[in-house]
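A.B. asks: First the structure, then my questions, so here it is.
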Amino acid sequence: MSETAAIAVDDIRKSYGDLKAVDGVSFTVAEGEFFGILGPNGAGKTTTLEIIEGLREPDSGSVTLLGRSPWPRDVELLPRIGVQLQASAFFDKLTAREQLETFAALYGVTAARAGEVLELVGLTDKAETREDKLSGGQRQRLSIACALVHEPDVVFLDEPTAALDPQARRNLWDVLRAIQERGKTIVYTTHYLDEAEILCDRVAIMDRGRILAMDPPATLVRGLDAATHVILEKGALTEAEAREFAGVEEVHTDEVSLTISTRQPAPVLAALAERGRLDGLQVRTATLEDVFLDLTGREYRA
Amino acid sequence: MSRPSAFKSLAAAAVKGYVRDKATLFFTFFFPLMFLLVFGLIFQDTGTDKIKLGVVGDGPVISALEKTGTVEFERFDSMDAAVTKVRDGDLPGLVAQNGDKVTVRYAQSDQTRAAMVQGLVGGVVDKVNVQVTGQAPRFSVDSTNVEDQSLKGIQYITPGILSWAVAASAVFGAALTLVTWRKKQVLRRLRLAPINASTVLSARVAVTIGVAVVQAVIFVGLALLPIFGLKLSGTWYLSIPVFLLGTVAFFAIGMLVGAFAKTEDAAVGAANIVVLPMAFLSGTFFPIDNAPGWLKAVSNVFPLRHMNDGMLNFLVRGKGAEALLLPCGVLLGFTVVVGFIASRVFSWED
């Protein structure tokens, strides 16, 4: 365990009746790291997060958060962590600014912080809008702002991009990156594997209460030794022609495209370039979804 | 830069949520006010129910009778016309004075009123006789009423409606706040902030008391208008402790409802089950004194009954400080016991 670990989780377990929600999870998160916990719904991500935040007591195992134990409730520790909750954890009928000012007061922070975090999450123009008049993406950003108003060192985000449209998701990614640039440690859960791949320094893939793999996304994908798919428009090349290329493992045609699978994409691409067949070409490498498939033998279903 | 305390900012947040919610405002202020106005107007005359008398002619007895202030005259020109009215049952009786002769006719069909008419006229005639003789009366009667218009409708209905309105908004307010805060994860958010549960609780209680005080000022202020004619007793200020303890007791009941209920709908239903029977059986809308004995006994278990009684005793009946003991004791007991149970049942999350 490194000295700069912001979070150290050691073999935590939590059962609800017969269901083992968290079944022996261990990991550490370094200071300033953007750590993702991935997995389908019901994988145990949220329960793991809640145990680390100190909202639930683990049946066994231990958690060290910024050098302290989050359970039982530790009032000294609370100002140093920020937890984003459901995008509904607001006071009735208050404007975005009033929400943040109220939370700021709970932490003894000046009301001016409200304006700063509103700007950070890009809600300055919605400052005087009541919570019930905000869109889904705006509420999500406000809930993140509420977690940041007191300048915590560690930020927990539980599915911040769930149920957002693609544009709102991308806007939020910018917010998350901005938070990381401020030197915060971020622990975040998502069931969007593509998103985790883009944002996270390191991810833990969870399924059925256990961590199946934990590494930087690129390492996980590379470790798969999965084929690269080169996809061409149908008719750009015959299957027979494609099979002649060096390193081609498999060729497959459907209604719209011809897919070449290879572990040596360079010679294949060179051969295609020689023939001037690069128009409309797509290259798809393995993703975390393939990693998940490989780890569980199941297709990933968010 | 201002740095308001957690208590102040939580109270401010609750107040803003309150005044920005039109439905809550309606049920807190206008709904009970409607009851106050309707009942206040309906009961306007019942308390001052004067006996109507047919009057023929004039004289010292008729004048003295009028001065008692307990009868209302309907004047007739002829004896026959007045007798017909009495016979028809439109009037309980008539008085005629012609010189020294005073005539009383009454309808025996209404025996109570007949007796009242005879007693009244007889008494007045005796008094006038004594005055005329110029002799000092040997016996004197000192009679003063003990209550100031205690029977008048508005006197009765104001403390009742006020207690009911305060009880309802305290129970509903506390229960709904708890349920929505739990459901929306505001409770969880507060738990993650470095503040004590007691800060959150006291801020919410302060808002409930503030709302109750505003209700009291509006309701009593309105009832004091000449059209309703509420007259406060000299010891009205003794109702303040009863009022505050009652408000807190009902807040505690609301917390208990909110601790059990999982959804807003369940909370509203449960709060209604708690408040409505209590409202009807505690003398809010009609005097419980006229109810059968067993009902009166049952009503004693309701905190609203004691709040009602306390408010009535001090606002209008002018009772002394010794009458504080029972209502304050009961309401304090409810607060402690119900509050304790609520704190046991309470959970931060579903």
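A.B. asks: Report the accessible area of B:ARG75, computed with a 1.4 Å probe over the heavy atoms of all protein chains in place, in Å² rounded to the nearest 10.
C.D. replies: The value for B:ARG75 is about 130 Å².
A.B. asks: A further question on this structure: Stick to Cα atoms and the Kirkwood definition of Rh, then tell me Rg/Rh for the stretch B:53-210.
C.D. replies: Values: Rg = 31.0 Å, Rh = 21.6 Å.
Here the Rg-to-Rh quotient is 1.44.
A.B. asks: Could you work out [θ]222 nm for chain A from helices alone, using -39500 (n - 2.57) per DSSP H run of at least four and dividing by all its residues? Round to the nearest 500 deg cm²/dmol. Walk me through the intermediate numbers first.
C.D. replies: On the way: 10 runs with 97 residues, N = 302.
The per-residue figure over chain A is -9500 deg cm²/dmol.
A.B. asks: Per residue, what volume in Å³ does the convex hull of the Cα atoms of chain A enclose? All intermediate terms of the calculation are to be shown ahead of the outcome.
C.D. replies: Numbers: hull volume 49.7 nm³, N = 302.
Given the Cα convex hull of chain A, per-residue volume reads 165 Å³.
A.B. asks: What does the convex hull of the Cα atoms come to per residue for the stretch B:264-312, in Å³?
C.D. replies: Numbers: hull volume 3.7 nm³, N = 49.
Output value, Cα hull per residue: 76 Å³.
A.B. asks: Would you work out the Kirkwood radius for the stretch B:311-350? I mean one over the mean of 1/r across all pairs of different Cα atoms, in Å.
C.D. replies: On the way: mean 1/r = 0.0815 Å⁻¹.
One over the average 1/r among Cα pairs gives 12.3 Å for the stretch B:311-350.
A.B. asks: Tell me the relative contact order for the stretch A:227-285 as a rounded percent, counting alpha carbon contacts under 8 Å between residues six or more apart.
C.D. replies: Details: 103 pairs, mean separation 27.3, N = 59.
That works out to 46 percent.
A.B. asks: For the stretch A:97-246, report the convex hull volume of the alpha-carbon atoms normalised per residue, in Å³, without decimals.
C.D. replies: About 178 Å³ per residue, rounded to a whole number.
A.B. asks: Okay, next question. Please report how far the C-alpha centroid of the stretch B:278-340 lies from that of the stretch B:73-96, rounded to the nearest whole angstrom.
C.D. replies: 45
A.B. asks: Considering the stretch B:179-242, what Rg and Dmax in Å follow from its alpha-carbon atoms?
C.D. replies: For the stretch B:179-242, the Cα-based Rg and Dmax read 18.6, 54 Å.
A.B. asks: If you bin the C-alpha pair distances of the stretch B:217-269 every 5 Å from 0, what whole percents do you get?
C.D. replies: 5, 16, 14, 16, 12, 12, 11, 10, 5, 0
A.B. asks: Taking chain B, how much of its Cα-Cα pair set, in percent, is spaced more than 27 angstrom apart? Numbers along the way, then the final one.
C.D. replies: Numbers: 35530 of 61075 pairs.
When all Cα pairs of chain B are counted, 58 percent exceed 27 Å.
A.B. asks: Project the alpha carbons of the stretch A:1-100 onto their principal axes and report the range along each, largest first, in whole Å.
C.D. replies: 42, 36, 25
A.B. asks: Related question: Could you give me D for the stretch A:227-285, from Stokes-Einstein at 37 °C and 0.692 mPa s, where the hydrodynamic radius is the Kirkwood radius over C-alpha pairs? Units µm² s⁻¹, please.
C.D. replies: On the way: Rh = 11.0 Å.
My calculation gives 299 µm²/s for D.
A.B. asks: Using only alpha carbon pairs under 8 Å that are at least six residues apart, calculate the relative contact order of the stretch B:49-133 and give it in whole percent. Numbers along the way, then the final one.
C.D. replies: Details: 125 pairs, mean separation 25.7, N = 85.
Relative contact order, the stretch B:49-133: 30 percent.
A.B. asks: Enumerate by residue number the GluC sites (Glu not before Pro) in the stretch A:243-302 meeting two conditions: DSSP loop (anything except H, G, I, E, B), and at most 16 other Cβ atoms within 10 Å of the site's Cβ.
C.D. replies: Working: sites: A:GLU244, A:GLU249, A:GLU250, A:GLU255, A:GLU274, A:GLU289, A:GLU299; in loops: A:GLU255, A:GLU299.
Those satisfying the criteria are A:GLU255, A:GLU299.
A.B. asks: Which whole-percent values make up P(r) of the protein assembly as shown when all C-alpha to C-alpha distances are grouped in 10 Å steps starting at zero?
C.D. replies: With 10 Å bins starting at 0, P(r) equals 3, 12, 16, 15, 13, 11, 8, 6, 5, 5, 3, 2, 1, 0, 0.
A.B. asks: Whole angstrom only: what separates the Cα centroid of the stretch A:51-115 from the Cα centroid of the stretch A:19-35?
C.D. replies: 19
A.B. asks: A follow-up question, please. Whole angstrom only: what separates the Cα centroid of the stretch A:232-250 from the Cα centroid of the stretch B:153-222?
C.D. replies: That distance is 75 Å.
A.B. asks: Pairing the Cα long axis of helix B:31-42 with the longest principal axis of chain B, what angle in degrees results, from 0 to 90 and rounded to the nearest 10?
C.D. replies: Relative to chain B, helix B:31-42 is tipped by roughly 0 degrees.
A.B. asks: Accessible area per residue of the protein assembly as shown at 1.4 Å probe, in Å²?
C.D. replies: Values: 31140 Å² over 652 residues.
Counting only protein heavy atoms, the per-residue value for the protein assembly as shown is 48 Å².
A.B. asks: Let me ask another. Quick check on my link table: of A:LYS93/B:LYS262; A:LYS93/B:LYS184; B:LYS67/B:LYS152; B:LYS22/B:LYS183; A:LYS93/B:LYS22, which ones sit more than 19 Å apart, alpha carbon to alpha carbon? The partial results should precede the final answer.
C.D. replies: Numbers: A:LYS93/B:LYS262 21 Å; A:LYS93/B:LYS184 13 Å; B:LYS67/B:LYS152 21 Å; B:LYS22/B:LYS183 21 Å; A:LYS93/B:LYS22 11 Å.
Flagged as over cut-off: A:LYS93/B:LYS262; B:LYS67/B:LYS152; B:LYS22/B:LYS183.
The values are calculated or read from the model by the stated rules, or taken from the named source; none is laboratory data. Here the structure is a predicted model, which is why all the values come from computation and not from measurement. Cβ coordinates were reconstructed from backbone atoms using ideal geometry, including for glycine residues, and neighbour counts include every protein chain displayed. Quick note on the areas: whole protein, heavy atoms, side chains included, nothing else; ligands and nucleic acids left out. Shrake-Rupley method; radii C 1.70, N 1.55, O 1.52, S 1.80 Å.
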